[in-house]
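The values are calculated or read from the model by the stated rules, or taken from the named source; none is laboratory data. Quick caveat: nothing in here was measured; it's all calculated off a predicted structure. Note that we place each Cβ from the backbone using ideal geometry, even for glycine, and neighbour counts take in every protein chain shown.
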Ligand code: AGP
């Protein structure tokens, strides 16, 4: 997803902009650019491809510029080319703009501007912004206010004006934007990961607000242009960021961080005496629970549906957020809507949250970024304490999401008088069990050797194993580009089994003991057609029982907690297949860490 970095101060801007863009690369992009303001002139450099391509031309341009904005673009309107890359400039070269988000009424605005004789240089929605700024009246801040009043959609903006050489302008609406204060200047960024080590305080811009950054100060204004007072929060780059240490990839490091991430997350919900303790604000007897998210976070919701219904006997629905927001959901007062999100900025999940709020549901956020938009919009937040997750493919945040959802299930089970002592005992021991599951790496690597040259793979499972199969399939395809599909094990024979041919790899999850005979039968349906089956299972089942070519043993735990253990070898399998295929594991093509557009 797009990234923004800006700087105004006493230091040379170009190196700081490049460092900021490199820190934002993990979010996913396909072009990059920067604008420098020096001696009343706006100079712009843009390149398709990697940030590295900007380095030489930007440094050649930089001379002494101390004011600049830069951007990594994940294409939504217009191909990922140099001329569509940001910053975009007004026809009179007075304004330069970088933008995250989507201007939903861009076509109508462009038509009106073209009819007035404005020549556009790109196919982007963003370019309407500098063109409107150039036609607005009054001082730069007033011109910005007038321009924003004409826009519909979402935006995080960094703006330079040749007529205001000592200022950097910013504005946001439904897309995150932060201001960082440092000793030698002020930073603007869409993600704190882009801030330099010298940033010591952080301001978050709220929807509808504007800001004017100067070398030693920042002023905030509401959508009418009235001043707004804001308190800064302390910030430390070291506490926020992370580095790879001895690991080759952030993803491999974050896989290993899962026991601690789950331990920290669970510790919030148990008293010193070991009793389960969730916030009093949490409704204890919801009429129905709606679990809403995207991608891997949605797979955590699918898992939680099985767990909550079986443990607490509370009706649950798991929804993909982009479906929920345009459906006519029967949600209302007395229902609890749970929104799961690592970034807390996913546009579809945020929109679904706003819809559920309007319908009167009690909203709960399970979020990894505490002051994110989703966290701030929920009535209650149950944080995942996974720490900054840099790899685009989520692992530790996913495991922490499962941990919070298990605690929720137990809370509602206890409130409803359901027995869940065994579940809670095993939940307290989950971090150790996850550590044990990490020892399956050699087996996962052996399976990766067997399948990495394949074009297709299938994941099957029943109950919570099916939910984990969804996540294992996504992990494999999103980082190794090996196509895969996940199916309920009993469903494959209703069509897709026609794709099973001799040698087709099938990853079978058989970690739910009571369903083992059924899953074993489904495995035979595919081996009978020549499939190569690689089975994950707990103690007790072996290659003969499961007719599998290879077995990946998974530590055993309460059946409803097995997803946290069986997902580990699937993460490692995806990682090693991607490594064998020479893929960019931390920054897979076309993907973004936080999808802030719908
Ligand atoms: C997970 O590996 C993916 N990167 C993606 O599916 C992600 O889970 C999804 O985009 C939701 O993101 P969020 O958790 O930040 O809302």
* Please go through segment 412-434 and pick out each residue that is surrounded by 17 or more Cβ atoms within 10 Å (Cβ to Cβ) and either at pLDDT below 95 or farther than 27 Å from residue 572 by Cβ (or both). => 412, 413, 414, 420, 424
* Only one of these is assigned to a strand (DSSP E or B) and more than 29 Å from the chain's Cα centre (by Cα): 533, 506. Name it. => 533
* To do: Could you please give the count of residues in segment 351-373 that are in contact with a strand residue (DSSP E or B) (Cβ under 7 Å, 6 or more places away or on another chain), under 19 Å from residue 173 (Cα atoms) and buried (at least 24 other Cβ atoms within 10 Å of the Cβ)?
  => 2
* Scanning segment 421-438 for residues that are more than 13 Å from residue 260 (Cα to Cα) and touching a strand residue (DSSP E or B) at 6+ places or on another chain (Cβ under 9 Å), which turns out nearest to the ligand (Cβ to nearest atom)? -> 427
* To do: Kindly check whether there is at least one residue in segment 297-310 that is within 13 Å of the ligand (Cβ to nearest atom) and either in a loop (DSSP other than H, G, I, E, B) or closer than 30 Å to residue 22 by Cβ (or both).
  => yes
* Mind listing whichever residues of segment 146-157 are closer than 19 Å to residue 213 by Cα and either under 22 Å from the mean Cα position of the chain (by Cα) or part of a loop (DSSP other than H, G, I, E, B) (or both)? => 155, 156, 157
* Asked: Where in segment 14-131 are the strands (runs of 3 or more DSSP E), entirely inside, with at least 2 residues that are over 27 Å from residue 214 (Cα atoms)?
  -> 41-48
* Out of 21, 54, report the one residue that is over 22 Å from residue 102 (Cα atoms), in contact with a strand residue (DSSP E or B) (Cβ under 8 Å, 6 or more places away or on another chain) and at pLDDT 85 or above. => 54
* In the set 363, 357, which member is in a strand (DSSP E or B) and under 24 Å from the mean Cα position of the chain (by Cα)? -> 363
* To do: For residues that are within 25 Å of residue 592 (Cβ to Cβ) and not in a loop (DSSP other than H, G, I, E, B), tally how many sit in segment 333-354.
  => 13
* Only one of 570, 591 is within 14 Å of the ligand (Cβ to nearest atom), part of a helix (DSSP H, G or I) and either out of contact with any helix residue (DSSP H, G or I) (no Cβ under 9 Å at 6 or more places or on another chain) or within 29 Å of residue 293 (Cα to Cα) (or both); which? -> 570
* To do: Look through 393, 409 and report the one residue that is within 11 Å of the ligand (Cβ to nearest atom), buried (at least 24 other Cβ atoms within 10 Å of the Cβ) and modelled with pLDDT of 95 or more.
  => 393
* Can you name the residue in segment 555-564 that is part of a helix (DSSP H, G or I) and more than 22 Å from the chain's Cα centre (by Cα) and is also farthest from residue 389 (Cα to Cα) among such residues? -> 559
* Asked: With respect to the numbered conditions (1) in contact with a strand residue (DSSP E or B) (Cβ under 9 Å, 6 or more places away or on another chain); (2) in a loop (DSSP other than H, G, I, E, B); (3) buried (at least 24 other Cβ atoms within 10 Å of the Cβ), which one is the sole condition not fulfilled by residue 291?
  -> (2)
* Structure fact -> Condition set within 25 Å of the chain's Cα centre (by Cα) and part of a helix (DSSP H, G or I), scope segment 438-469, selection farthest from residue 408 (Cα to Cα): answer is 438
* Do you know which of the residues in segment 543-554 that are surrounded by fewer than 20 Cβ atoms within 10 Å (Cβ to Cβ) and not in a strand (DSSP E or B) is modelled with the highest pLDDT? -> 549
* To do: Report yes if residue 281 is away from the ligand (no atom under 16 Å from the Cβ), more than 21 Å from residue 560 (Cβ to Cβ) and touching a residue at least 40 places away in the same chain (Cβ under 8 Å), otherwise no.
  => yes
